[in-house]
Structure formats: C-alpha cells, structure tokens
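**Q** First the structure, then my questions, so here it is.
The values are calculated or read from the model by the stated rules, or taken from the named source; none is laboratory data. The model shown is predicted, which means the values in this text are computed figures rather than measured ones. Here the Cβ positions follow ideal geometry from the backbone for every residue, glycine too, while neighbour counts run over all protein chains shown.
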Amino acid sequence: MILVIPVSIAVLIGVLYNLTQTVEHLTKDLIQRTGAKVESELDEMIKPVSDDLKLFSEFLIASQSDSTDLSKFNKIVRPIISNNVHVKTAVYGDSYGSEFMLMQLEDSSWYSRVQKMRSSKEQEVKFYNWILDSDLKLNIVKEWQDSISLGKDPRNSVWYKRALDIEMERTVGWTKPYLFSTSGNLGITAVIRYTPLSNPKNEIVVALDLILLYLVEYVNDLEISDNGRAVLYTDDGVLCYSKSDKFSCNDSINKYSLSDNSELEIPIFEMMLHEKARQDIDYNVPFSFDYQGEKWWAEVILYNRNGIHYTKIAVVVPETDLMSEMDRTKLIIILGFGLVFILVLISLNAYRQQHHANVLLNQKKIEIEAHRDKIEAQRDKIERQHMLVSDQRDQIREIHSEVTKSISYAQRIQSSALPNIKVLMDNVKDCFVLFKPRDIVSGDFYYFTRVKNKLIISVSDCTGHGIPGAFMSMLGMSMIDNIVVSNQVFDPGEILNRMRSQIIHALSQSVDGDGQRDGMDMAICVIDLDTKIMQFAGANNPVVIVSQSHKKWKEKKGVKYLADDKTGLNLYRVKADSMPISIYLKMDEFKTHEYQLEENDMVYLFSDGFVDQFGGVNNEIRNAGGKKFKIKAFQRLLLDISELTSIEQQQILDDTIKEWRGSINQIDDVTVLGFRV
C-alpha cells in the first residue's frame, strides 16, 4: 500500500506529460483537418457547377447542332439553373458571334439576351422577360430590342477567351474573378468548349456564372477557433478574409475583393505569407510563426481541383486557442484521477484490514485444533476468544460499510456528471433512459446536449465496469463535451475520430502493444432540429430506428430490416464500424451515415449489456447456466413496444431483463436510450 501513492503520482505525471507533448501534434492535426474540411466544402460548391456545365454541353452536343433557337436553349438551361442555388446565369457563344444568355432574377422572373450575327456587319440583339407557369415552362412577358449591346462581341468576353485557352475540348475550366457585365457582381465563370460534328469550323463555348458572394459566405461560416481565420486568395489579391467587415455584403465584396494585402490591412496574413516564404514552406504543410509575441499556426492549401488552378486557402490559428482546451482537459483528468485514487486507497485499506482479520481467525482455528483435548478446561477462554472474533467481524462489517458508502458517494458524483434528461425532453416528443450499472458505479454513460440547432445524443460502453469503468466513463464524458461544445464539431464520424486520437494519447497507447488497450464502444447521433436529418456514426455499437415509413432504407448497405405486418411498423438497424475508440488493428476513419427522419419515428441507442445478459424463459434453462438474450430478440421487443409511451417502454424493458436473468447475476452494465422525433 505504501507504494500506491508514489506509483499513482508517477502515472498521473506521465499522463499529463504525454498530454503536454501532444500539443504540437494536436495543433498540426487541427490545422490539417480544418484545411481538408475547407477543401471538401469548397468541392461541394464548385463540383456541382462543373457537373452541371458538363451536362449542359452534353445536351447541346446530343442535339447535333452548332447553334440553337431560344426555346430549345431555355428548355435545356432553365432546370440546370433552378436546381443549383449558386448558379443564376448560363451563356452560349460560338465562333460566328452569336450568343444566348438566360438569367434568373431576384423576384423569380427570368431575363434573356439573344445576339445573332446575320452577316459580318449585321448584328441583331433582342431582350426578353419570362415567368414560370404551373407546368414549369417559361412564358414571355415582354420582348424588346435595345441598341445598348450592339457592337459587343461575345468572342471578346473574359469567359469566351478563357475557354479557347483550354487545350482539350469538353474539359471544364474556370476564369479568374471579374465583374459580370449583366448583374454588376464580382464572380467567376465555369466554361467548356466543343466543336459540333455538323460544323467542324465552329467552336462553341457554354458557361455558368458563380457569384463571388457565395464563396465569401462559405468562408465566413467556417468554424475554426475563437480567434482563428481563413483567407481565400489568388496571386492577384485576396478574395475573402473570414470574420471581416470588409467582406460582409455584396457591395463591400465587389469593392475589396482582389485587393492587395496592404490595402486590406491584414497584418497577421501578411506575416504568415512572409514566414512561409522565409521558411520555404510547401503547400499543405502546417507551420508555426511568432506574431506580436504570440505563437500562431498556419497552413496554405493550393486548391487545384474541378478545373480551378489559381485559388489558395490559408488557415491561421493562435496556439492559445488550443492551449485553453488542453488546460480544461488536464483539469478534468486530475479531478477524475483524484477521485479514483481516493477510492483505490479506501479499497486497499479495507483489504489490508480484512486480510489481517483473516490471519487472526486462522490462528485461532489452529489453536483450537491444537488444544481440543483441553476444551473442557479452557471453555471460558474459548468463549472469550469467540467474543473477540465476533468483535473483529463487526469491525470488518463496519469497514465494508464505509467502503460501500464511499463508492456510493462516487456513484453520486458520476450521476451528477451525466446530463439531465430534461435537456432531451425539451427537444424531442418523448424519451427515456434505462440505466442499470452492474456495480454501484458504471462503465456505461450516456450523453446529450443541444448546440445551436443541433441535438447530439450518444450511448457509450467503456472497457470494464465498476471503478475502472467509471474512470473511463468520466474521461469519455469530458472528451466528447470538449469536442462538441468547445470545438463545435458536429459530424459524428469526426467526433469519434477525435475521441480515438485523444484516448490513444491520454493512455499512451501504441500499435506495438505498449501502454493500455482500454477504450470504449459508442453510438452517436447528431440531429438537425430544423430539417430532422439525423447523422450517425458508431464504434461497434449500432442504432435502431422504428418507423411507419422509409422502406427504401432496407436496400441500403449495412442496414438490417425487420417488419411487423400487423402494425405496419418497420425496424432498421444501422451497422456501426467494427472497431473501438482506442488503439486497434483496424484504424480506418469512422463513417458518418445520414437519414431523413419523420415525425413519430422512434430511435434507440444502447450498450451490449442487455443483449449479452445470460438468463432464460424458465428456471431449467437458468439453472443450466442460461443463454444470452441476443440482438434479434431485443429488436423484436423494441418493435413490439415502440408505439407505447416512454414510461411504459422503460418499465417493460426493466421488467423483461429482470425476468430473463432470474437468480443469475447481472454480468455487465445496461443502458438503453430511446426518443421519439
């Protein structure tokens, strides 16, 4: 017992040291993940425009014509613009100087400009206003001619010239930012060029415009850190600087975009570019630099995808933003370690006293056997010895009672750390939590919170139960709260990836077997309360959805399906990734699955304690050792009770597991969480 204190302190110092050593690693990881997220989300905006442009050109090529009439052009283009919120204008131009343009206006009406070259000197320009009828057809409201566009040749436009610079036909390219003559907005244009088979001398260019305002709004919405910034720029100047008043509306965007760094007065950005050049840092490599006595981290990404070859993305974050999170994690680890350390000391002290009492009892037994011939003469002495033994047993019972009280106090601490179910009740129609620890404290925990319009719900099963499991559960609750609330991460797969990374570093785990292999299994859902879209990710633990709808889900990969023909209810069990949140042979990224929920859908998250409990339907099976409840029986039970109230469902689940195990002890912690949308 004397060695427990120095050993425990050494372990705590080791954990805190390893945590401190991971500051640079976590910083680089955050910067790289943020950069990858920026690229991915930029793809979500740019790629649909490129794909729509390819579709636009394929429709025209399929018509086998090197020009088109206005009705045919509108029929092809109108659905493409309507289905892409970032595209408002489409243009067609050819080698003869003809041009067709269709643009959606802010009032949902449509505007066209048609320019045709009748001869080398004769030019006709017409304008049209349109409205969309109930059959989704464009009807003319107004038609007129105006000399204002006469003499303007589309072949001299920025977008047409950019298309001619592309070496291969039918390849998407993008212009650099420029001012649109039609709308007056600053933007970029996707272009593609092809030569029709019917007229090899003609070069046709089609284009879709993307207003720069949409890119700026995307950058401004990025959540990096409290003081972190993102900058979108080219060699010609800055396109956008996040959280800046100079990029807050369309007028200021047109004014300041493509300005030089010095004109925009972004000193941290200028310092970052200076240090990148001085240190000769390559693209996509995190690096640090000092600015006004403070350490900053940065990464510059060369965005060279989907036809764009000139855009760069810079992410800069002060190290203090990361250190505040690290300090909170250290405090939680110290408090949790202190609680477990006290419980271990109490348990060791109780064990020592009980062992001492057992030695005394054994000595008395030896003395009694050695003096059996003198029983009659020493009867009074033996009675006094029995009284002493009785007193010692009372002392042991008292010690056991004190240990139990201490562990019960630990259980109250753990319960206070669990979220109040009122948080869940205020955001769903109905809910319940069945929480049955095997011992006084539990290795299972549940978590839910609301951040903005996101409702985050999870159930986790930590390695072990009792005191070791309780320590892991306290560590797990602190980590998920930091990731969701402090870092504003709402993607379930990303949350599990970060928890795994932090568990590995906190417990000094490694693939060669050194360190602890402890971890946890988890199912986590993030629900958009506005759209009812649920995102799910699981580490070994699945999620179950019971609904009257969604029969198309049964065709999805990784979904198990069960139907009740009498009630018309359908049960869907979404498979989790087969790996825990810890060091493991398989270390792939956790996948996020997305499902559109409907009102009255019932969702269940659970640990494996219920399905793995041994028992049976009668005493004969139980007396033979029993068998597991199993997942299929558990699914059928959920399907049967899913239309009942949450109170009734919780009571039935509790009664069922008690009746199933009978006199067999509970083998693991049991947690079942259910809620109705």
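**Q** Here are Ile204, Ile224: which of them is surrounded by 18 or more Cβ atoms within 10 Å (Cβ to Cβ), of a type outside the set (Gly, Ala, Ser), in contact with a helix residue (DSSP H, G or I) (Cβ under 8 Å, 6 or more places away or on another chain) and within 29 Å of Glu41 (Cβ to Cβ)?
**A** Numbers: Ile204 fails: within 29 Å of Glu41 (Cβ to Cβ).
Within the list Ile204, Ile224, the selection yields Ile224.
**Q** Taking segment 171-186 as the region of interest, how many residues are within 18 Å of Gly237 (Cα to Cα) and modelled with pLDDT of 90 or more?
**A** Total satisfying the criteria: 2.
**Q** Give the residues of segment 348-371 that are modelled with pLDDT under 75 and not aliphatic (A, V, I, L, M), sorted by residue number.
**A** Once the filter is applied, which keeps residues that are modelled with pLDDT under 75 and not aliphatic (A, V, I, L, M), segment 348-371 yields only His371.
**Q** Considering only segment 499-515, state which residues are touching a residue at least 12 places away in the same chain (Cβ under 8 Å) and on the phi < 0 side of the Ramachandran plot. Please lay out each step first, then the result.
**A** So in segment 499-515, the residues touching a residue at least 12 places away in the same chain (Cβ under 8 Å) come out as 499-511, 515.
Matches in segment 499-515: Met499, Arg500, Ser501, Gln502, Ile503, Ile504, His505, Ala506, Leu507, Gln509, Ser510, Val511.
**Q** Could you tell me whether any residue of segment 604-613 is modelled with pLDDT of 95 or more and farther than 30 Å from Phe490 by Cα?
**A** So far as segment 604-613 goes, yes, one or more of its residues are modelled with pLDDT of 95 or more and farther than 30 Å from Phe490 by Cα.
**Q** Among the residues of segment 574-625, write down those that are in a strand (DSSP E or B) and of a type outside the set (Gly, Ala, Ser).
**A** The initial filter retains those residues of segment 574-625 that are in a strand (DSSP E or B), namely 574, 577, 593-596, 602-606, 614-615.
Result: Val574, Asp577, His593, Glu594, Tyr595, Gln596, Met602, Val603, Tyr604, Leu605, Phe606, Phe614.
**Q** Still on this structure, I have one more. Can you find even one residue in segment 196-213 that is of a type in the set (A, V, I, L, M), closer than 16 Å to Leu258 by Cα and modelled with pLDDT under 85?
**A** Checked segment 196-213: at least one residue is of a type in the set (A, V, I, L, M), closer than 16 Å to Leu258 by Cα and modelled with pLDDT under 85.
**Q** Which residues, counting only those in segment 167-223, are over 37 Å from the mean Cα position of the chain (by Cα) and outside the structural domain of Leu53 (by TED's automatic domain parsing)?
**A** First, the residues of segment 167-223 that are over 37 Å from the mean Cα position of the chain (by Cα): 167-169, 179-184, 193-206.
Once the filter is applied, which keeps residues that are over 37 Å from the mean Cα position of the chain (by Cα) and outside the structural domain of Leu53 (by TED's automatic domain parsing), segment 167-223 yields nothing.
**Q** Only one of Asp564, Asp518, Asp530 is in the same structural domain as Phe610 (by TED's automatic domain parsing), touching a residue at least 40 places away in the same chain (Cβ under 8 Å), crowded, with 18+ Cβ neighbours inside 10 Å and acidic (Asp, Glu). Can you tell me which? Walk me through how you get there before you give the answer.
**A** On the way: Asp564 fails: crowded, with 18+ Cβ neighbours inside 10 Å; Asp530 fails: crowded, with 18+ Cβ neighbours inside 10 Å.
From the options Asp564, Asp518, Asp530, the qualifying one is Asp518.
**Q** Tell me which residues, restricted to segment 653-677, are farther than 21 Å from Lys627 by Cβ and outside any loop (DSSP other than H, G, I, E, B).
**A** So the first thing to find is which residues in segment 653-677 are farther than 21 Å from Lys627 by Cβ, and the list is 671, 673-677.
Matches in segment 653-677: Thr671, Leu673, Gly674, Phe675, Arg676.
**Q** Continuing with the same structure: Does Leu653 meet the test of being of a type in the set (A, V, I, L, M, F, W, C) and either in contact with an Asp or Glu (Cβ under 6 Å, 6 or more places away or on another chain) or over 19 Å from Lys566 (Cα atoms) (or both)?
**A** On the way: of a type in the set (A, V, I, L, M, F, W, C): yes; either in contact with an Asp or Glu (Cβ under 6 Å, 6 or more places away or on another chain) or over 19 Å from Lys566 (Cα atoms) (or both): yes.
So Leu653 passes the test.
**Q** Right, another one. Within segment 395-498, considering only strands (runs of 3 or more DSSP E) that don't extend past its boundaries, which have at least 2 residues that are touching a Lys or Arg at 6+ places or on another chain (Cβ under 8 Å) and in contact (Cβ under 8 Å) with a residue 60 or more places away in the chain?
**A** Values: elements: 430-436, 444-451, 454-462.
Ranges flagged: 430-436.
**Q** Could you look through segment 567-595, keep only residues that are among the aliphatic types (A, V, I, L, M) and either out of contact with any strand residue (DSSP E or B) (no Cβ under 8 Å at 6 or more places or on another chain) or over 27 Å from Leu637 (Cβ atoms) (or both), and pick out the one that is surrounded by the most Cβ atoms within 10 Å (Cβ to Cβ)? Break it down stepwise before answering.
**A** Keep residues of segment 567-595 that are among the aliphatic types (A, V, I, L, M), which gives 569, 571, 574, 576, 579, 581, 583, 585, 587.
Right, trim to either out of contact with any strand residue (DSSP E or B) (no Cβ under 8 Å at 6 or more places or on another chain) or over 27 Å from Leu637 (Cβ atoms) (or both) and you get 579, 581, 583, 585, 587.
Numbers: Met579: 19, Ile581: 28, Ile583: 22, Leu585: 6, Met587: 12.
Ranking the qualifying residues of segment 567-595, first place goes to Ile581.
**Q** Could you tell me whether any residue of segment 534-546 is surrounded by fewer than 16 Cβ atoms within 10 Å (Cβ to Cβ) and not in a helix (DSSP H, G or I)?
**A** Narrowing segment 534-546 to residues surrounded by fewer than 16 Cβ atoms within 10 Å (Cβ to Cβ): none.
For segment 534-546, residues surrounded by fewer than 16 Cβ atoms within 10 Å (Cβ to Cβ) and not in a helix (DSSP H, G or I): absent.
**Q** Taking only segment 247-282 into account, find how many residues are in a loop (DSSP other than H, G, I, E, B) and at pLDDT below 90. First the steps, then the outcome.
**A** Going residue by residue through segment 247-282, those that are in a loop (DSSP other than H, G, I, E, B) are 248-249, 257-258, 260, 265-266, 280-282.
Still in the list and also at pLDDT below 90: 248-249, 257-258, 260, 265-266.
Count: 7.
**Q** Sticking with this one: Here's a check for you: in segment 604-630, which residue that is touching a Lys or Arg at 6+ places or on another chain (Cβ under 8 Å) and among the aliphatic types (A, V, I, L, M) is nearest to Ala523 (Cα to Cα)? Explain how you work it out, then say what you get.
**A** Kept after step one, since they are touching a Lys or Arg at 6+ places or on another chain (Cβ under 8 Å), are these residues of segment 604-630: 609, 611-616, 621-622, 626.
Next, only the ones that are among the aliphatic types (A, V, I, L, M) stay: 611, 621.
Numbers: Val611: 15, Ile621: 32 Å.
Among those residues, the one meeting the criterion is Val611.
**Q** Continuing with this model, one more query. Going through segment 639-652 one residue at a time, which ones are aliphatic (A, V, I, L, M), surrounded by fewer than 18 Cβ atoms within 10 Å (Cβ to Cβ) and in a helix (DSSP H, G or I)? I'd like the intermediate steps shown before the answer.
**A** Within segment 639-652, the subset aliphatic (A, V, I, L, M) is 639, 641, 644, 647, 652.
Subset that is surrounded by fewer than 18 Cβ atoms within 10 Å (Cβ to Cβ): 644, 647, 652.
Answer for segment 639-652, where residues must be aliphatic (A, V, I, L, M), surrounded by fewer than 18 Cβ atoms within 10 Å (Cβ to Cβ) and in a helix (DSSP H, G or I): Ile647, Ile652.
**Q** From the set of residues in segment 458-471 that are touching an Asp or Glu at 6+ places or on another chain (Cβ under 6 Å) and modelled with pLDDT under 90, which is surrounded by the most Cβ atoms within 10 Å (Cβ to Cβ)?
**A** Per the criteria, the residue is His465.
**Q** Taking Lys330, is it modelled with pLDDT of 75 or more, basic (Lys, Arg) and surrounded by 13 or more Cβ atoms within 10 Å (Cβ to Cβ)? Quick ask: steps written out before the conclusion?
**A** Working: modelled with pLDDT of 75 or more: no; basic (Lys, Arg): yes; surrounded by 13 or more Cβ atoms within 10 Å (Cβ to Cβ): yes.
The answer is no for Lys330.
**Q** Could you identify the single residue in Lys142, Lys137, Lys161, Lys116 that is within 23 Å of Pro196 (Cβ to Cβ) and exposed (fewer than 15 other Cβ atoms within 10 Å of the Cβ)? Spell out how you get there, then give the answer.
**A** Numbers: Lys142 fails: within 23 Å of Pro196 (Cβ to Cβ); Lys137 fails: within 23 Å of Pro196 (Cβ to Cβ); Lys116 fails: exposed (fewer than 15 other Cβ atoms within 10 Å of the Cβ).
Only one candidate passes the filter, namely Lys161.
**Q** A further question follows. Which ones in segment 289-308 are crowded, with 17+ Cβ neighbours inside 10 Å and under 30 Å from Glu44 (Cβ atoms)?
**A** Trp296, Trp297, Ala298, Glu299, Val300, Ile301, Tyr303, Asn306, Gly307, Ile308
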